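Report on the structure given below.
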Amino acid sequence: MYQTVTEEAWELVHTLSIQCSAPQGLGTMSAAAYDTAWVAMIERKDDDGKGVFLFPEAHEFLKATQSKDGTWASATSDVDGIVNTLAALLALKRQSRLDETTKSENEPRCHRAETTLRKLLNDWDIHSSDRVGLEILVPNLLRLLEAEGILFDFPSRKALMDLNAAKLSRLGPILTSPVQTTLIHTLEAFDGTLDFDKVRHHKMPNGSMLASPSSTAAYLMNATEWDNDSEAYLRQVYEEYSKMGQKGGFPSAFPSTIFEISWVLEVLLEGGFTQEDFLLEDIRKLTFTLQSNLKNQQGIVGFAPFSLPDADDTAKTITILGLMGWKQSIEPMLKAFEAEASFRTYRGERNASTTANCNILLCLLRSAESSKYTSQIVKCVQFLVQAWMANSGPDKWHTSVVYPMMLVAQSLTVFLNQWGKNELQMDAIPAYMVQRDVPKTLLNILARTMSLQQSDGSWESKREVTAYGVLTLASLLKLPWIDFMKPEGIAAMYRGKAYLEKNRHFWKQAEVLWIEKTAYSSSNLAQAYCLAACKVAIPTAVAPQIISNLVPQLDNKALKMQQFFSRIVPFSESAPWKLQLSLVQSGLYKAALKEARFNIFPPMRSANDEKYLEYIPFTWLGCRDVLSTAISSEMLWEMMLISMFNFQVDAYMETVVWDHCKDNLSALKDFIRGLCSGVPVERKRKCESGHGGALKKIQGSNGVRKGASNGVSANGLNSHTNGTSNGTSKKEKQTNRDSNDTRFLERTQKDSKNADEESIAEQAQRVGADVKETPDKPLRDIETELTKFVHYTLRHPRVVQSPPALRLWLAHEMQTFLLAHITHMEDCANFSTDRDTSAATLSWEKPRTTYFNWVHTTSADHTSCPYSFVFFLCLIGEPGRGVVKSVYQRYVLEDTCRHLATMCRQYNDLGSVVRDYEEKNLNSVNFPEFKDFARSSDEQASKDIVKQKKRDLLQISEYERQGLNNALHELEKCTEEEVSEKLKLFVQVTDLYGQIYVARDIGIRRVEGPGA
């Protein structure tokens, strides 16, 4: 029979009311293979003294739920597959040992499980797994399986065991102390290492160990005296799950009374239902259950009666009681869970949870005295925006990223609303928080929510996740800054609602999304979220003007940028609202970039036109949005800064450095080599330098003769590339490189600008260079600015945490980049004096090398792409490990980068032919190859000749694109999907700059004349 959503919500609440009256409580967490396996291993002697399994049905449940590949519950993640399969394999091995009649059936099952486990463990990166208790659960299972004759050896095993040993050394006294901790929920991890008689006092009134079937099973198996209460608890769980159609299965926790009541009621009421929609007696019974438990545990609660209190359930319980009119004190929650920079889910928690802090923030904001807790509110908001900037991924309590997105959106929009109504202590709220951080976070979540919706209207093709998506939009579409896209946002909500309605008969068949020891589902929560999403109203409220003023509306300049980018790949197929949303976000980042634009390089009078500041934020945000790349805002911001510094260093080198150092480039090169390698250049006294103070030809740190001008030989041909000697023997070059690499690692944390380092000015004086009119101060200033630039990159926290090989690669590319600038300036100087003066046939008559060699070396290195590429690899890698896994992958990465840099330079040159001619800069089309093959005649117009050269250059650049595409295709095969997606973003942004240059020159122009 058809029910309205209100009728179905009424039925859900009524069912909860009936279930909570049962002595054992209520719970709808799905059965877990992990917990079922532990219960299956419980043995008890029969009347004949023979050991028998207490719950043989648990073995049958395991056999019925094993996948074809031999694993259990591995669909959600490899971690779940490992934990569940290890435990289930152990249970079947023990069954075969105790009951030989099961051996023939179990052996093929165990073989399949073992085979797949070896592959899962071999590919497992433990450092990327943020699962609670993983470092104690898995090692003990491995030890127990070894006792059964199964040994698993895998790359991460030693790291896992070291982590386990360090943690176990601190846990023994905690377990046996009178203080209840989360460890009581995972006693099975100490099977074989703990005296279980010493933890009997932690048993809850229902006979369980912190409401955990697996922990209770371990206690029951290992205690010297049989505990009838614990057996009774497990039998209660068995009966309840048999009624639910999961006979023999056991969940990660039971009961979960407080968790499910508080979550369901809060979700329904926040979604638009009212108390009047439910039976008054049901509401009273449920609220009394919550209030009495809160009172019994002195103002804080856990997921079940008498369980360890946690911030999540406490906040939800206080919030829902407040919505029901029951005033509760917040002070006990603050006292128990407030930390220095956030709120902890449990006492002693290592990493704070985003979703827990969202629930606490909402609890504080929903309080009748929210202004009283402004400092705690600010703490939560600060944590949430910083956590989202740093890691906009799933929370540790949930598998879907849409869940924390929903909670962050809900909590921050409520915060903004109260701020806008002056309901908080306004002077205690930092201006940057509401003017920058909160809007950036909310707009980022909006863009991501819209991009993640699938064509059928769902999010992740899951009903419950789709409900999260609809509820997220319901909060965000209240924002006054996005009127341009509200029709599309509302349409997305309707599509999501339609998907839910179409799949309404599946609402109670919950998907596995929530995380305990392993992932689980909850039918009550799934149904509540689906009901709330279908009930929630389309936003129509008008925000206070003060909130509207936080984010500037799109002006004419922004709309022109939208029109411009709509003609460029990859935005040519994007809907206008998507570009506009990216541009709105870009405005917030542009303001931050302007504040940071003098962090390294000072204002340059000889360079003007900062158009690049208008483009940089959009290039990263727009490409991220159009590609739907899962990358944190913090990483994007770091790349925006690097992009800005790259524009600035280009201008700085071509103006300030060239003006003051063009007569002493050799000393500048030595300084750069020492700066990038961490090896200071050698001091030489004048008396040691030979006759008349002339510099001896001593070998430099990179094998280049000091005193040689960038390694250019007398015949004008290049004897090295960008200051790196090609005339040195292979063995000598490797020795020099190894020496530099070692010293760089030793000095990474030290300041390479110290008393032992020789300045450019000192070198100029020492070698007697022609700098008579040049004061020392400009040279020292140049040293300072270049040192700041290099140190910012090479000593960036994410770089320092990267593997040594990656740091050395970055240092090499940074040195090559800066030396390429010098070589390029020398080339431009030679070109300006050597060139044909005719604009149409402008050609470098005596180049030092071929165009092919130049564009793949000096020219490509000069783009900053290679060093920025390696810096990006440092950003996206996990600390201490990085993304490069093999020499082959490293080779393909470099090949990809080289094609990209070359192509980018060629597109840059295509778009800057006029500017380069005016500023006397060397351009690709100035090489004689373009003149030699130009089909020209005396009668041919100059413009036609230039067009012909540009057509030839475009054809060559498309050839490089083919090489880039081939390299990217190969890179996908040898790189993890998540890393590959991020690398595609870097490639797209870099390619976009080339497209922009073709359409519009955005570089910094040099200003000549008085005052320059």
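Some notes on this structure:
- Point-charge dipole on Cβ atoms (K/R +1, D/E -1) for the chain, about Cα centre, debye to 20: 1900
- Once the Cα gyration tensor of the stretch 32-164 is diagonalised, semi-axes √(5λ) in Å: 26, 15, 13
- Solution diffusion estimate, µm²/s, Stokes-Einstein, the stretch 462-611, Kirkwood Rh from C-alpha pairs, 4 °C, viscosity 1.567 mPa s: 69
- Positive-end residue, the chain charge dipole about Cα centroid, Cβ charges, pick of 406, 997, 258: 997
- Selection from 924, 912, 852, by position along the positive dipole direction of the stretch 775-928 (Cβ): 852
- Residues in the stretch 887-933 average 40 Å² of solvent-accessible surface per residue, probe 1.4 Å, ligands and nucleic acids excluded.
- Across all directions, the average flat footprint of the convex hull enclosing the Cα atoms of the stretch 377-445 is 4.4 nm².
- Extended-chain gain in nm, criterion 0.36 nm per residue less alpha-carbon gap, residue 933 and residue 974: 10.7 nm
- Pair residue 915, residue 498: separation of 7 Å Cα→Cβ label points (nm): 4.7
- Check: the stretch 129-189 dipole with +1 on Lys, Arg Cβ and -1 on Asp, Glu Cβ, in debye: 180
- Each of 126, 294, 328 was scored by the projection of its Cα onto the charge dipole of the chain, and the greatest displacement toward the positive side belongs to 126; charges sit on the C-beta of Lys, Arg, Asp and Glu.
- The stretch 611-658: translational diffusion in µm²/s, Stokes-Einstein, Kirkwood Rh over Cα pairs, 20 °C, 1.002 mPa s: 182
- Only protein atoms count toward the accessible area here, which uses a 1.4 Å probe; on the chain, the carbon and sulfur part of that area reaches 51 percent.
- When each of 285/316; 560/611; 295/379 is checked by Cα-Cα distance, pairs over 19 Å: 295/379
- Average silhouette area of the stretch 204-309, convex hull of alpha-carbon atoms, in square nanometres: 8.2
- The stretch 865-939 - convex hull of the alpha-carbon atoms, volume per residue in Å³: 128
- The mean of 1/r over all pairs of different alpha-carbon atoms in the chain, once inverted, gives a Kirkwood hydrodynamic radius of 32.3 Å.
- Proximal lysines to residue 93, defined as alpha-carbon separation beneath 26 angstrom and excluding residues fewer than eight positions away on the same chain: 45, 50, 63, 68, 103, 119, 158, 247, 517
- Every pair of different Cα atoms in the stretch 498-552 enters the Kirkwood calculation, which places the hydrodynamic radius at 14.1 Å.
- Accessible surface of residue 169, taken over heavy atoms with a 1.4 Å probe and every protein chain present, rounds to 90 Å².
- For the pair the stretch 211-241 and the stretch 54-68, the centres of their Cα atoms are 18 angstrom apart.
- When the surface is traced with a 1.4 Å probe over the full set of protein chains, residue 614 keeps roughly 40 Å² accessible.
- Partner lysines whose Cα lies under 19 Å from the Cα of residue 243, excluding those fewer than 8 positions away in the same chain, are identified as 508.
- Dividing the convex hull volume of the alpha carbon atoms of the stretch 376-535 by its residue count gives 119 Å³ per residue.
- Basic side chains Lys and Arg get +1 at the Cβ, acidic Asp and Glu get -1 at the Cβ, and with that the dipole of the stretch 556-598 about its Cα centre reaches some 160 debye.
- Kirkwood hydrodynamic radius of the stretch 780-824, from inverse mean 1/r over distinct Cα pairs, in Å: 11.3
- Mean-position separation - Cα centroids, the stretch 657-678 and the stretch 495-521, in angstrom: 62
- Radius of gyration, Dmax [the stretch 193-257; alpha carbons; angstrom]: 11.8, 36
- Taking all protein chains as shown and a probe of 1.4 angstrom, residue 870 keeps an accessible surface of around 0 Å².
- The residue 48 and residue 456 beta-carbon pair, evaluated with R₀ = 45 Å, returns a calculated FRET efficiency of approximately 0.15.
- Overall dimensions of the stretch 94-224 by Cα: Rg and Dmax, Å: 16.4, 46
The values are calculated or read from the model by the stated rules, or taken from the named source; none is laboratory data. Small disclaimer: the values here were computed from a predicted structure and weren't measured. Don't worry about glycine lacking a Cβ; one is built from the backbone with ideal geometry, like all the others, and counts go over all protein chains shown. Ligands, DNA and RNA are stripped out before the accessible areas are found, and what is left, the full protein with its side chains, is counted by its heavy atoms. Shrake-Rupley method; radii C 1.70, N 1.55, O 1.52, S 1.80 Å.
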